[in-house]
Each structure stands twice: as C-alpha cells, then as structure tokens.
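I have placed the structure first, in the form of structure tokens, so that the comments after it can refer back to it.
The values are calculated or read from the model by the stated rules, or taken from the named source; none is laboratory data. What you see is a predicted model, and the numbers here were worked out from it, not measured in a lab. Here the Cβ is made from the backbone with ideal geometry for all residues, glycine too, and neighbour counts use every protein chain on show. Note: areas computed on protein heavy atoms with side chains; ligands, DNA, RNA excluded. Shrake-Rupley method; radii C 1.70, N 1.55, O 1.52, S 1.80 Å.
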Amino acid sequence: MKILSPSLIELHAFLAVCRQGSFRRAADDLCVTQAAVSRAVQRLEEHLAAGRLFERSPAGVVLTPRGAQWRKLVERHVLALESAAETLGRASRPRLVRLSVIPTLSIQWLMPRLPGFHERSPGVKVELRQFRHDEDFTRDDVDLWLDVKRPSRRWPERIQTRYLIGRELIPVCTARLAKAYRTPRDLQGATLLHHTNFPDNWARWFAKAGAPCTPRLGPGFDLTMHLIVAAKAEMGVAVVPACLVERELRAGELVMPFDVEVSSGRGYFLCWKRDAAAFAAREEFSGWLLEQAHAGGGPGAG
C-alpha cells in the first residue's frame, strides 16, 4: 500500500506554527531551528500539492483556507498519538504529574499543602510547569491545569473542567486600618485596592454588604499576590478570594474589617484534556486537590 500521509515531523511543525502564529515561536516550542520548521512546512506543502498553508507577513502568519482545513483534519489525531505515546511511556517512568498553576494560587494555597500530599503519596512526583496567561490547553507538557475562570473566557471544548476553590471574596486590611471602619458603607471612603482583570469585585461586595454603589477604585494590580502584599503594606483595603489569605488571617497580618463574603461567580478550576488517557498518578493527585478544597481551613484541615 502506498503511504499518502506526511511524516510526523512535518505535522508537528505545521501544528506548532498554527498554535504559535509564527515560525520563530514554533521553533522555540519544538526546540529546533526556525529553518528546520520552515523546511518541514515547505515539504508538507509540496507533499500535499495544496499550495500555501500559511500566509506570511511581518506581523506573523495566518492559515490559508486550505491550511485551516488541514488543521481541522489532522490536529486531533496527532494529539491522540502524542497522548498514546505518553500513556505507554509512563509504565517505564516514575509516577509523575505535570502541573501548570496560576502563580498566586500556587504560592498562597497549593505550596503550603503540597508536603501533605508527598507524605500521603510518596510514590507520586509533582512537577510544576510554566504558567501561561494565554493558555490554549494544547501543550503536551502538562497533565493538569489550575486556572481561573475569566469573565470573557469560555473553556475550550477539548478541555474538561471541575470547580476547585476561590469563588468567595472577602475584604482584608491590617488591623490598624480596620479600626477606622464601623460599617461597610465606611469602606466607600477607603483606598480600594483592586484586581485590574476583575474591576467589578468591589461593586459585588458592596451590594452584598447592603451598601450598593459605584466604588471609587484605588490602585490596581494584575495579580492577587500583589493585592495581598499591598494590603499588608497598609496601602488600602483589598477584596480577594478567601482561600488565598488563610495564612495571613491566621497570623494576624490581615483581618476582615467586616465578616461579609460574596461569590465572584468565577474561582479556580481543575482542567485536563478530554481525550487524554487517565492514569493513576493524575487521578490520585486530582482527588487529593478536591479533598483539600472541600476541607478548607488551611493545610491539613479536615
């Protein structure tokens, strides 16, 4: 039988350019030279005799109609091959879970608990991989993601998700600042530290506290970790997910000026590829994460 399909090298080069939108970034992703990626794509175009698969410009590359058709036909199958190879290869390797986690959740919630997982499951190794704000969940170096549900984001169909933790927002500040506020309405005159990606958090909280308003926001930060540090430095009052300030509240570094929490409707989610084969280490770690989220109250709770 005559083999009509191109080589996997050419397919991987093509799909990397699709994902990255440039030959240079695709080369970095594949750990090869840009020339090697260009040659592989050129061989693919010649093999298919379908003309150009990409339109090239100084700003990057975009798929031609034929290129888009080809990606739709082959991407799922190439990813399935990668998943099959990964599954079979695990039998000869240590039990490993590769995790990408949003930085503040990693520092404030996961890391303090991770020693407990290693104690319970010493045979499972957890490796943290680089977190990407523009994650498209196509990379093959991650088994699980812990990511935040953003207002404008819909999870890709290829991804399975499960809510983990972090919907509940609370106000926090130092004990010294808290003495100045007698009612939730008093906070309207405070310096309101806010997350630039979620500017509606304060309006949600004031509405829940019985003091609806259009708040005058103070300094903005693009990471909740920055909000927490700023609140500890007495720059103002922050509204943050309760799970991210457990240690600070226990230590008295921060306090809640009012015991009012509100749901953001978002939170952090456990994510994995629908078509990825399940394996014991991933299921064991996922189960432990969900137990920890359900227990609450800090490391070792419950």
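What ³J(HN,Hα) values, in whole Hz, does the Karplus curve 6.51 cos²θ - 1.76 cosθ + 1.60 give for the stretch 13-19 when θ = phi - 60°, with x put for Gly and Pro?
Per residue, the Karplus-derived 3J(HN,Hα) values read 5, 4, 5, 5, 5, 4, 5 Hz.
Return the whole-Å distance between the Cα centroid of the stretch 143-201 and the Cα centroid of the stretch 25-61.
Cα centres, the stretch 143-201 to the stretch 25-61: 42 Å.
Length gain on complete extension for the stretch S83 to R43, per 0.36 nm per residue less the alpha carbon to alpha carbon distance? The partial results should precede the final answer.
On the way: separation 40, 0.36 × 40 = 14.40 nm, distance 2.52 nm.
Contour length minus the Cα-Cα distance gives 11.9 nm.
Expressed in nm to one decimal, what extension gain is obtained for the pair H294 and M256 from 0.36 nm per residue of sequence separation less their Cα-Cα distance?
Working: separation 38, 0.36 × 38 = 13.68 nm, distance 2.18 nm.
Net length gain for the segment: 11.5 nm.
For I102, enumerate residues with amide H under 5 Å from its amide H, sequence gap 5+ or separate chain, H modeled in the peptide plane.
L146
Using Cα pairs closer than 8 Å and at least 6 residues apart in sequence, work out the relative contact order for the chain, in percent. If you can, show how the numbers build up before the last one.
Numbers: 429 pairs, mean separation 61.8, N = 302.
The value is 20 percent.
Could you work out the longest stretch of the chain that avoids the GluC sites (Glu not before Pro) located in DSSP loops with at most 13 other Cβ atoms within 10 Å?
Excluding the exposed sites themselves, the longest stretch runs over 1-156.
For an R0 of 41 angstrom, estimate the FRET efficiency from the Cβ-Cβ distance between D275 and E168 and round to the nearest 0.05. Please list the in-between numbers first.
Working: r = 33 Å, r/R0 = 0.80.
So, using R0 = 41 Å, E works out to roughly 0.80.
Would you mind checking the tilt of helix 111-120 against the longest principal axis of the Cα atoms of the chain, expressed as 0 to 90 degrees and rounded to 10?
70 degrees
Can you list the residues, at least 5 places off or on another chain, whose amide H is less than 5 Å from the amide H of V240, using H built in the peptide plane?
I170, V172
Given 0.36 nm per residue, what is the gain on full extension from I9 to T33 after removing their alpha carbon distance, in nm? Please report the intermediate quantities before stating the final value.
Numbers: separation 24, 0.36 × 24 = 8.64 nm, distance 1.31 nm.
Length difference between fully extended and current span is 7.3 nm.
Please state the Cα pair-distance histogram of the chain with 10 angstrom bins from zero: what percent is in each bin?
Reading upward from the zero bin: 5, 23, 25, 21, 16, 8, 2, 0, 0.
Can you tell me the orientation of helix 65-89 relative to the chain, as the angle in degrees between its alpha-carbon axis and the longest Cα principal axis, to the nearest 10?
Rounded to the nearest ten degrees, it is 80.
How large is the accessible surface per residue of the chain, computed with a 1.4 Å probe and reported in Å² as a whole number? The partial results should precede the final answer.
Working: 15800 Å² over 302 residues.
In whole numbers, the chain has 52 Å² accessible per residue.
Taking amide hydrogens as modeled 1.01 Å from N in the peptide plane, which residues meet the under 5 Å criterion relative to R95, leaving out close sequence neighbours?
The answer is K125.
If I compute solvent accessible area with a 1.4 Å probe over the protein chains, what percent of it on the stretch 168-263 is carbon and sulfur? Mind dumping the intermediate values first?
Numbers: 2350 of 4520 Å².
Accessible surface attributable to carbon and sulfur in the stretch 168-263 totals 52 percent.
Rounded to whole Hz and in sequence order, give me ³J(HN,Hα) for the stretch 34-45 from the Karplus expression 6.51 cos²θ - 1.76 cosθ + 1.60, θ = phi - 60°, writing x for Gly and Pro.
Calculated HN-Hα couplings, in order: 4, 4, 5, 5, 4, 5, 5, 5, 4, 4, 5, 4 Hz.
Quick one: with all protein chains in place, what share of the accessible area of the stretch 33-74 is carbon or sulfur, to the nearest percent (1.4 Å probe)? List each step's numbers first, then the result.
On the way: 1510 of 2730 Å².
Whole-percent figure for carbon plus sulfur exposure: 55.
For K125, which lysines qualify as cross-link partners when the Cα separation must be under 29 Å and same-chain residues fewer than eight apart are set aside?
K149, K273
Rounded to the nearest 500, what is the 222 nm mean residue ellipticity of the chain from helices alone, with -39500 (n - 2.57) per DSSP H run of 4+ residues and division by all residues? Before the final figure, lay out each step's value.
Values: 10 runs with 114 residues, N = 302.
Per the formula, -11500 deg cm²/dmol.
For the stretch 226-233, take each phi angle, set θ = phi - 60°, evaluate the Karplus expression 6.51 cos²θ - 1.76 cosθ + 1.60, and give the result in whole Hz per residue in order, putting x for glycine and proline.
Each residue's phi maps through the Karplus curve to give 5, 4, 5, 5, 5, 5, 5, 7 Hz.
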